[in-house]
Amino acid sequence: MTTSTPPMAPRPEPERKPWEEQSLRGRLLFVEDSQTSAAVTVHYLEQFGLQVRHVTTAEEALQILGSELDLVLSDFFLDGRLTGLDLVKRIRARDDDLALLPVLMLTSAEETDHRISSLRAGANDFVYKPFHPEELYARLHNLLALRHAYKKLYTQKKAMERLSVTDGLTNLYNKRFLNNEAPALLEQARSTGRPLALLVVDLDHFKYINDSFGHEYGDRTLKAVAQTLEEEFQEVDLIARYGGEEFVVVLDQADIGQAVLRAERLRRRIASLALAPPVTASVGITAQHADQPGRDYEQLFREADQALYKAKNSGRDRIAAWAWVHNRAEIHFP
Ligand SMILES: Nc1nc2c(ncn2[C@@H]2O[C@H](COP(=O)(O)OP(=O)(O)OP(=O)(O)O)[C@@H](O)[C@H]2O)c(=O)[nH]1
């Protein structure tokens, strides 16, 4: 008689933890004053895949709060003067992007009042101490999903804001932005007694360039001119594409003499661009000085436009500027 050995029961697979299946990605600020419980928590947080910065007070946390963070995990009672509740309140009171940083509170089961006050102050969620690692993981996972969705929305919102104030072809500011910003710049200049100059730059015979060489070539010309403007008038100045082949530059702190020099340099640079056929520009210039009668932005713009009209009518490829002579203003060709 043969005896057969019974088949062995299969060994149960060791249970895989959720963070072994999917690790969390993000930077977490952990605020906890007890070093012993902090060590255990940090151990788990790192196992989950998070980059952890541990501090023991809300004061320290507030100091290092930065946009690189994705989450805050905080105990209610902390070393220092501020509690976890104060930390939540201060984060939510910020006027920047960090006001929406997700906050997870650590509380003991009996601290019902603290839990409620933290949630009412804007904490997103809480977890009881001592926590179950899988519960902590799940709550952090959900808050990170919220953070990532918010960041995506924020980036899109910024891109939309940028698009709404810029011109698609040249990337310069558009007319709407100019019309919003220039009056404020003028007001600032006036209240501090600084001069401000305005240039209206218009390409000459651009219709001919378009008609003879095509719209695409015209576009390339516009881009080249826009780049020249950006190189010539950096940062502090406001440069906008006003319309078709017309650009406006607001020169903050420049008087009419400085504006004339800069406009003439610009005119020469545009004429010497490596374009075939070469393109030229006419420029109308005006300025507001502290000792002159005050004008609003629309009036300054009209002045620069009148000067431009004169530059065009007297042959193009030139600059024309207003000058105040014995309390009378007139246009001349510097
Ligand atoms: N390629 C291109 N052309 C444009 C754009 N916007 C406007 N234009 C063209 O710019 C030309 C402007 O012509 P006009 O206003 O007659 O001015 P101009 O020919 O430069 O004449 P002056 O200003 O008097 O020297 C028109 O042919 C428009 O079609 C654009 O975004 N791209």
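The values are calculated or read from the model by the stated rules, or taken from the named source; none is laboratory data. If you're wondering where the values come from, they're calculated on a predicted model, not measured in any experiment. All Cβ positions, glycine included, derive from the backbone under ideal geometry; neighbour counts span all protein chains shown. Ligands, DNA and RNA are excluded from the accessible area calculation, which covers all protein heavy atoms including side chains. Shrake-Rupley method; radii C 1.70, N 1.55, O 1.52, S 1.80 Å.
When you scan segment 108-122, do you find a residue that is under 30 Å from Gln156 (Cα atoms) and touching a Ser or Thr at 6+ places or on another chain (Cβ under 6 Å), even just one? Checking segment 108-122: not a single residue is under 30 Å from Gln156 (Cα atoms) and touching a Ser or Thr at 6+ places or on another chain (Cβ under 6 Å).
For beta carbons closer than 8 Å, sequence separation of 6+ or different chains, a first residue in segment 206-220 that is assigned by TED's automatic domain parsing to the domain that holds Glu245 and a second that is among the polar types (S, T, N, Q), the qualifying pairs are Phe206/Thr221; Ile209/Thr221; Tyr217/Asn210; Gly218/Asn210. Selection of segment 265-299 for residues being of a type in the set (Gly, Ala, Ser), touching a helix residue (DSSP H, G or I) at 6+ places or on another chain (Cβ under 7 Å) and surrounded by fewer than 16 Cβ atoms within 10 Å (Cβ to Cβ) yields only Gly294. Within segment 308-331, is there a residue that is modelled with pLDDT of 95 or more and of a type in the set (Phe, Trp, Tyr)? Yes, some residue in segment 308-331 is modelled with pLDDT of 95 or more and of a type in the set (Phe, Trp, Tyr).
In segment 184-230, what residues are open to solvent by 100 Å² or more (accessible area, probe 1.4 Å) and within 11 Å of the ligand (Cβ to nearest atom)? Scanning segment 184-230 gives His205, Lys207, Tyr208, Asp211, His215, Glu216, Arg220, Lys223. Among the candidates Arg262, Arg318, Arg302, the residue that is over 18 Å from Ala240 (Cβ atoms) and open to solvent by 40 Å² or more (accessible area, probe 1.4 Å) is uniquely Arg318. Restricting attention to segment 109-162, which residues are free of Cβ contacts under 8 Å to residues at least 40 places away in the same chain, hydrophobic (A, V, I, L, M, F, W, C) and part of a helix (DSSP H, G or I)? Result: Ile116, Leu119, Ala121, Ala145, Ala149, Leu153, Ala159, Met160. I'm checking my understanding of the structure. Among residues of segment 239-256 that are more than 15 Å from the ligand (Cβ to nearest atom) and open to solvent by 10 Å² or more (accessible area, probe 1.4 Å), which one is farthest from Ala281 (Cα to Cα)? Of everything passing the filter in segment 239-256, Gln253 is farthest from Ala281 (Cα to Cα).
Contact map, segment 281-299: residues that are farther than 30 Å from Ile209 by Cβ paired with residues that are part of a loop (DSSP other than H, G, I, E, B) and among the acidic types (Asp, Glu), Cβ distance under 8 Å, separation 6+ or inter-chain. Pairs shown: Ala287/Asp255; His289/Asp255.
So that you can scan it fast, the table gives a plain yes or no per residue for (1) open to solvent by 30 Å² or more (accessible area, probe 1.4 Å); (2) polar (S, T, N, Q):
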residue: Glu32; (1), (2): no, no
residue: Gln35; (1), (2): yes, yes
residue: Gly49; (1), (2): yes, no
residue: Asp96; (1), (2): yes, no
residue: Ser108; (1), (2): no, yes
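One residue stands out in segment 156-172 among those that are out of contact with any helix residue (DSSP H, G or I) (no Cβ under 6 Å at 6 or more places or on another chain) and crowded, with 17+ Cβ neighbours inside 10 Å: the one that is farthest from Glu246 (Cα to Cα), namely Thr166. As a summary of the residue check, Leu153 satisfies the conditions (1) assigned by TED's automatic domain parsing to the domain that holds Tyr44; (2) at pLDDT 95 or above; (3) within 23 Å of the chain's Cα centre (by Cα) except for the one numbered (2). If you go through segment 275-300 and keep only what is within 16 Å of the ligand (Cβ to nearest atom), more than 33 Å from the chain's Cα centre (by Cα) and of a type outside the set (A, V, I, L, M), you end up with Pro277, Pro278, Thr280, Ser282.
Tell me yes or no: at least one residue of segment 90-108 is assigned by TED's automatic domain parsing to the domain that holds Ala149, polar (S, T, N, Q) and assigned to a helix (DSSP H, G or I). Working first, answer last.
Going residue by residue through segment 90-108, those that are assigned by TED's automatic domain parsing to the domain that holds Ala149 are 90-108.
Okay, now just the ones that are also polar (S, T, N, Q), so 107-108.
Then keep just the ones that are assigned to a helix (DSSP H, G or I); that gives none.
Checked against the condition, which is being assigned by TED's automatic domain parsing to the domain that holds Ala149, polar (S, T, N, Q) and assigned to a helix (DSSP H, G or I), segment 90-108 yields no hits at all.
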